[in-house]
Amino acid sequence: YSFSQEFKPPNIIMMIGDGMGLSQISSGMYSNNNYTSFERSQHVGLIKTHSFDNLVTDSAAAGTAMSSGVKTYNRVVGLDEKFSPVNTILEICRDKGYMTAIIATSTIVHATPASYYSKVKSRYEYDEIASQLSKSNINFFIGGGEKFFNDRSDKRNLINEMNDYFFANSLESFKKMNSNKIGFLTSYDDPIGKHEGRKPSLEDLVQMTVEKLKSFNKPFFLLVEGSQIDWGGHDNDSEHMISEMLEFDRTIDKVFDFADYDRNTTVVITADHETGGVAIIDGNLEDSKVVNKYVSEDHTASMVPVFSFGPYSSLFSGVYDNTEIFDKLEAIINK
């Protein structure tokens, strides 16, 4: 082993369970024969989630903190507290020649995915976010919200404009395409919940995307969001929340399998915030049943866990601010 040998930048897989606090993780675990894929993590940390102006963050400010390393106002995407645009870890990786991809179980223009490629004063400017996505040069993106691309108030059809992209309409067609630019808009508006039968599964989408990314023989940055864990929390709907949590858990298992095999992939899994202030107040281990109680229909300010795996994963242990997720990832790619 010589120190002069070339540094091979690791792939980065960033996974965000939106609204996923410790009770959400525990609820998923106890509903799954007392097992969670998080047990495979090599390091665990905790992050503070507050935004620039609010103890209780929203997804836009938290997403921006993790993607770009700055605190900003709730509802603001990709801009700092002076409304200046900030560079995201995805954009930095892209500009260094990485392949990039985003997969979400919400619309692809929702606050968390948007915070990796968009700069807007309000997370609700969905048409503008979609327009920015169309110019972002992300290699693969998968999520709902087709209407923000082809049923817009300005009558533009972004799908037609994005003529260097192929658009998939099923998991099969996505699998068959060998382009390095593919969009897969999985639903017209918000995708349905997992408990309502959402397909294709997140684990299949992630597995196929990782295979595609890997085939280009370049490092890659992949963002995966389990978006609807949060929605189940807002609705105080444990069936929704736990089914989303279990799908996210199965996806983590697939990601860890890949990272274990690849040996040069850094995996970081965390949440933007906790939603619902949920506690487990009863249940039964033998039947994998939990009883949840919620104190809120909104986000809370609890710290959330960070799980990491692979090279440099020890950087992510400890207790720190969510902005440091960006700092640590940037340090890894700038080695």
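The values are calculated or read from the model by the stated rules, or taken from the named source; none is laboratory data. As the structure is a computational prediction, the values presented were derived from the model and not from experiment. Cβ: placed from backbone, ideal geometry, glycine included. Neighbour counts: every protein chain shown. Heads up: the accessible areas ignore ligands, DNA and RNA and are worked out on the full protein's heavy atoms, side chains in. Shrake-Rupley method; radii C 1.70, N 1.55, O 1.52, S 1.80 Å.
If you build a Gaussian network model of the chain, linking Cα atoms that sit under 10 Å apart, which residue out of 215, 26, 136 swings the most?
Checking each option, the largest mean-square fluctuation is seen for 215.
On the accessible surface of the chain, probed at 1.4 Å, how many percent belong to carbon and sulfur atoms?
Details: 6540 of 13730 Å².
Heavy-atom surface of the chain belonging to carbon and sulfur, 1.4 Å probe: 48 percent.
Heavy-atom accessible area of residue 181 with all protein chains present, probe 1.4 Å, nearest 10 Å²?
Estimated to the nearest 10 Å², residue 181 gives 30 Å².
Treat every Asp and Glu Cβ in the stretch 207-335 as -1 and every Lys and Arg Cβ as +1, leave all other atoms uncharged, and give the resulting dipole magnitude about the Cα centre to the nearest 20 debye. Write out the running numbers ahead of the final one.
Values: 10 positive and 24 negative charges, 168 e Å.
Dipole of the stretch 207-335, to the nearest 20 debye: 800 debye.
Taking the solvent-accessible surface of protein heavy atoms with a 1.4 Å probe, what is the per residue accessible area of the stretch 36-150 in Å²?
On the way: 3640 Å² over 115 residues.
Accessible area per residue: 32 Å².
Assign one of three labels to the stretch 121-228, namely rounded, prolate or oblate, based on the Cα gyration tensor with a ≥ b ≥ c the square roots of its eigenvalues; rounded applies when a/c is under 1.5, prolate when it is not and a/b is larger than b/c, and oblate otherwise. If you can, show how the numbers build up before the last one.
Values: a/c = 1.64, a/b = 1.21, b/c = 1.36.
Note, shape of the stretch 121-228 comes out oblate.
Using only C-alpha atoms and all pairs of different ones, pull out the Kirkwood radius for the stretch 181-335 in Å with one decimal. Don't skip to the end; give the middle numbers.
Numbers: mean 1/r = 0.0570 Å⁻¹.
With all distinct Cα pairs of the stretch 181-335 included, I get 17.5 Å.
Distance cut-off 18 Å, Cα to Cα: go down the list 96/218; 119/194; 8/176; 119/147 and report the pairs above it.
Working: 96/218 10 Å; 119/194 30 Å; 8/176 29 Å; 119/147 20 Å.
As for pairs spanning more than 18 Å Cα to Cα, those are 119/194; 8/176; 119/147.
Calculated from DSSP H runs of 4 or more alone, at -39500 (n - 2.57) each and per residue, what is the 222 nm mean residue ellipticity of the chain, nearest 500?
On the way: 12 runs with 108 residues, N = 335.
After summing the helix terms and dividing by residue count, I get -9000 deg cm²/dmol.
Longest exposed-loop-site-free stretch of the chain, with GluC sites (Glu not before Pro), DSSP loop and at most 12 other Cβ within 10 Å?
Numbers: sites that count: 6, 286, 297.
In the chain, the maximal stretch lacking such sites is 7-285.
Once you sort the root eigenvalues of the Cα gyration tensor of the chain as a ≥ b ≥ c, which label holds: rounded (a/c under 1.5), prolate (a/b larger than b/c) or oblate (the other case)? Don't skip to the end; give the middle numbers.
On the way: a/c = 1.28, a/b = 1.14, b/c = 1.12.
Note, shape of the chain comes out rounded.
Give, in nm to one decimal, the length gained when the segment between residue 253 and residue 280 is fully stretched (0.36 nm per residue of separation minus the Cα-Cα distance). Present the calculation step by step, with values, prior to reporting the outcome.
Values: separation 27, 0.36 × 27 = 9.72 nm, distance 2.39 nm.
Going from the current span to full extension adds 7.3 nm.
Not counting ligands, DNA or RNA, and with a 1.4 Å probe, what is residue 250's accessible surface area in Å² rounded to the nearest 10?
100 Å²
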